[in-house]
């Protein structure tokens with residue numbers, strides 16, 4: 001009875017298994033699901049009370065440039081406010097958006113597992129996941145870097161029990177496939193975005209949001225119960241299909257994937273060589 005092919009066939013099977021596993025996306029093993037904003041998705045700015053604008057503010061975006069409030073009816077400074085969508089003040093569309101915002105806010109609060117990190121995010125690089133701070137607040141002084149790890153579907157969720165404050169000229173930078181649409185900030189109280197800062201993500205505040213002079217936002221400003229205050233800002237509400245290089249992010253870094261492919265190929269060649277040698281040795285017997 002010939003048994004000379006058993007070892008090579010086992011190696012072939014093992015090699016195929018390794019090939020399949022290595023070709024599977026990393027995100028399939030431990031991915032954080034995104035948060036659905038539903039009817040609030042098209043709103044670049046949504047307030048519970050009034051929206052106040054000072055100076056020249058521009059609002060647009062591939063996901064929609066709507067602004068609105070519910071149950072507030074006041075929009076101050078509209079004469080210097082340019083937006084690509086529609087203003088919805090205490091209408092049915094704003095009401096539906098408010099419901100969706102509340103659901104998304106609650107969804108973010110329940111996400112686990114959550115990693116405990118320091119309140120100060122400036123100078124920090126973070127991978128996809130859910131984060132909270134012991135102090136219940138987040139601050140950004142300098143640059144916060146969000147690394148998508150080569151996955152354009154990577155999700156970042158930040159939960160604060162109290163405030164979010166970004167410093168003057170602070171910056172949120174996206175690299176390696178991280179996208180604006182998949183960065184979420186759930187703020188238990190109010191948020192203040194510093195002068196000439198660059199902020200990225202869907203900001204959901206329980207109370208109010210203040211974007212100070214010159215702050216640029218890639219994402220959304222969504223306040224559940226309070227006001228949204230604008231001052232000479234630029235707001236871009238982007239969908240995930242938008243080209244991230246032009247709108248606050250970078251194209252996915254395929255370098256790490258190429259390295260994985262090369263290592264995988266070398267490993268497979270090595271397994272094949274071992275199988276061939278074993279086969280010849282058995283046949284020689």
For all pairs of alpha-carbon atoms in the range 42-236, what percent lies in each bin of width 10 Å, listed from the first bin to the last filled one?
10, 40, 37, 13, 0
From fewest to most C-beta neighbours within 10 Å, the residues 175, 51 line up as 175, 51
If packing is taken as the mean number of other Cβ atoms within 10 Å per residue, what is the order of 38-46, 111-119, 80-88, 224-232, highest first?
38-46, 224-232, 80-88, 111-119
Fewest first, what order do 200, 99 take by the number of other Cβ atoms within 10 Å?
99, 200
Gyration tensor on Cα atoms of the range 99-215, a ≥ b ≥ c root eigenvalues, a/c under 1.5 rounded, else prolate if a/b beats b/c, else oblate, says rounded
If each residue's Cβ is checked for other Cβ atoms within 10 Å, how do 199, 156 rank with the fewest at the top?
156, 199
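Every number here is computed from the coordinates shown, using simple stated rules; none is lab data. Note that the structure is predicted; figures quoted are calculated from it, not measured. So basically every Cβ, Gly included, is an ideal-geometry build from the backbone, and we count neighbours across all protein chains shown.
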